[in-house]
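Trainee: Can you read through this structure? Questions will come right after.
Every read-out reported here was derived from the displayed coordinates using simple, explicitly stated rules and does not represent laboratory data. Since we're looking at a predicted model, the values are computed, not measured. Here the Cβ is made from the backbone with ideal geometry for all residues, glycine too, and neighbour counts use every protein chain on show.
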Amino acid sequence: MTLRTDTPALSITAPGLRPGRLMLVAALFALAVAPGELGALTREMMAGAFVDVAVFVAATLLIFYGAEKLFGIDLGQAMQRAKGWQVPIAAFLGATPGCGGAVVVVAAYTSGKASFGAVVATLTATMGDAAFLLIATRPEAAAVLIPVQFAAGIVTGWLVDRFVTSDYRPKGGSCVAAPRIGSIRARDWAYLACLAPGLVVGAAGFADVELTRILGLPVEAIALAGVAVGLAIWAFSPVQAMTNPEDPALPRMAEETAFISTWVILAYLGYNYIETFGGLDLTAAFAAVGPLLPLIGAAIGLIPGCGPQVVVATLYINGAVPFSTLVANAVSNDGDALLPAIALAPRAAVMATLFTTLPALVLAYGFQILAPGFLN
């Protein structure tokens, strides 16, 4: 997606070779082949992250991006024509899993096609990539939280457009959301070859059908192969986290699934390492600061990007924090959409993320006070 004005373009890109990512992948490989309980636990968590989360993320992204290509949707132009419906449309785009919809709204705002209230609406409604994790593992919680965020986004966006008179819009600029991949690569097909049988295993798990072998191979072998391909894609990725809408659906799926699943693996490992080897009961530790948990969740949501938010979602899924903390983090966090906003319209980015914190705290403490055991 490229939005242009009369000023020189500002590109948000990332180098193809990332030494930090390579070092992390090497560390994960070392942990996976370690002898004894450490290696066994690492492989189990990696395989679980793949069949429980990554395969469903991939399926959702393929459907979403495939539909975009099939119907030739230009969401920026649609928002410009929507006028009074901009805020609900922006909230809807933000509520869709992942960060793509929210990025579209941010780009439309910087090019003069959407209001500041629309930006606040989409950032309030978005849960970022953590939505995929929640949908895959706790669909009943997602079925409550996503509509709540959508409604909160609409109300907050309308209030901002009605009462906030300051104009934080930059004078000009253009946004290249990510560098082009260009075409389908061998690595994309390899990842899909692992994801397809993994999806069968994951779907069978939802139906309480245990599969120990598929295609003549142990399920764990297929899952670990998928993890290895995904980590390789992530380590050498030419993009930061979000892909360019002009690219084919398959590489977009591969890039974003690899990014999300890497964070899920880190969250799974971190939680289980602490519980197993650290002897720390995280549930009890967080319960000791119960009244502050929504505030902590909202504060983590101020951090740009989706990684920290995936960690909070993982803590909720494992029962370490209550639903109110997840609500605070989900409403407050802006996902990867905050990154282009910071680069292109820093004042708007700061103000928008502060505005999203207010409904986050109201809703979170509302759940904590009125329904303390809800969806815990």
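Trainee: Provide the gained length on full extension for the span A143 to Q80, in nm with one decimal, where the gain is 0.36 nm per separating residue minus the Cα-Cα distance.
Mentor: 19.7 nm
Trainee: Right, here's the next one. At R0 = 22 Å, how high is the FRET efficiency between S183 and R21 if r is their beta carbon distance? Nearest 0.05 is fine.
Mentor: The value I calculate is 0.45.
Trainee: Right, here's the next one. How do the peptides 324-334, 50-60 rank, highest first, by the average count of neighbouring beta carbon atoms within 10 Å per residue?
Mentor: Answer by packing, highest mean first, reads 324-334, 50-60.
Trainee: Report the full-extension gain for the segment A285 to V155: residue separation times 0.36 nm, less the Cα-Cα distance, to one decimal in nm.
Mentor: Extra length available between A285 and V155 comes to 43.3 nm.
Trainee: Would you grab the residues whose amide H sits under 5 Å from the one on I214? Only those 5+ places off in sequence or on another chain, please, with H modelled 1.01 Å from N.
Mentor: Those qualifying (amide H under 5 Å, at least 5 residues apart or on another chain) are V219.
Trainee: How do L211, L145, L293 line up, fewest other C-beta atoms within 10 Å first?
Mentor: L211, L293, L145
Trainee: Tilt of helix 116-125 relative to the longest C-alpha principal axis of the chain, in degrees (0 to 90, nearest 10)?
Mentor: 20 degrees
Trainee: Work out the charge dipole of the chain with +1 on the Cβ of Lys and Arg and -1 on the Cβ of Asp and Glu about the Cα centre, then indicate which of P322, L338, G202 is farthest towards its positive end.
Mentor: My answer, from the dipole projection, is L338.
Trainee: What is the helix-to-structure angle for 249-277, meaning the angle in degrees between its Cα long axis and the longest Cα principal axis of the chain, kept from 0 to 90 and rounded to the nearest 10?
Mentor: 60 degrees
Trainee: For K83, K113, what's the fewest-to-most ordering of other Cβ within 10 Å of each Cβ?
Mentor: Listed from fewest to most nearby Cβ atoms, that is K83, K113.
Trainee: While we're looking at this one, here's another question. Given the rule -39500 (n - 2.57) for each run of at least 4 DSSP H residues, summed and divided by the residues of the chain, what is its mean residue ellipticity at 222 nm, to the nearest 500 deg cm²/dmol?
Mentor: On the way: 18 runs with 252 residues, N = 376.
-21500 deg cm²/dmol, from helical runs alone.
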